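Here is the structure we will look at, set down as structure tokens.
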Amino acid sequence: MRTTTRLFALLTLALLTAALPAADLWTTDYPAALKKASKENKLVLLDFTGSNWCPLCIKLDQEVFAQKAFQEYAEKNLILVLVDFPQGKKLSEQSETLKKQNSNLQTKYNIQGYPTLLLLDDQGKQLKSSNYLAGGPEAFIKWAQK
């Protein structure tokens, strides 16, 4: 019985880990993301989000960003930048530098709501934008490739 319990726990952990967004794909450093995009000939995706309070942002994370198909596409084609506007404790954990950068990006790109996705070239020029994209990673990839 003990072996069964351990096996179940390991399988559960593996499934939960597989469903989490690949944190190493995301950065919060916008200038470094532009440089990396230029070096690697990739586009930049800015995800303006309220990660811990915005229902559609959370849904987008679960339905798109946490999915293997998105992660594989992003790894080959995109530099991902999280521009987060959390509330509560998570907000107090952000550095003042990051808060200022995010606020400046919000102003620069005239962001009116969350989630907002911007696809940029390596110079920061906006190529396209979208809000919540229904349809999972397939819908996102189709949008990004147009």
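Coordinate-derived values only; no laboratory data. Since we're looking at a predicted model, the values are computed, not measured. Quick reminder, even Gly has a Cβ in these numbers, built from the backbone with ideal geometry, and neighbours come from all protein chains shown.
None of LEU105, LEU80, LEU118 is touching a residue at least 24 places away in the same chain (Cβ under 8 Å), touching a Lys or Arg at 6+ places or on another chain (Cβ under 9 Å) and either crowded, with 17+ Cβ neighbours inside 10 Å or of a type in the set (S, T, N, Q) (or both) except LEU118. Note on segment 51-146: enclosed helices (runs of 4 or more DSSP H) holding 2 or more residues that are of a type in the set (Ser, Thr, Tyr) are 96-108.
Residues in segment 30-41 that are under 14 Å from LEU105 (Cα atoms) and touching a residue at least 60 places away in the same chain (Cβ under 8 Å): TYR30, LEU34. Considering GLN112, GLN123, the condition of being surrounded by fewer than 13 Cβ atoms within 10 Å (Cβ to Cβ) and touching a residue at least 60 places away in the same chain (Cβ under 8 Å) is satisfied by GLN123 alone. Do the conditions hold for GLN87, that is, is it under 17 Å from TRP26 (Cβ atoms), surrounded by fewer than 18 Cβ atoms within 10 Å (Cβ to Cβ) and polar (S, T, N, Q)? The answer is no for GLN87.
Every test in (1) surrounded by 12 or more Cβ atoms within 10 Å (Cβ to Cβ); (2) touching a residue at least 12 places away in the same chain (Cβ under 8 Å) is passed by ILE58 save one, and that test is (2).
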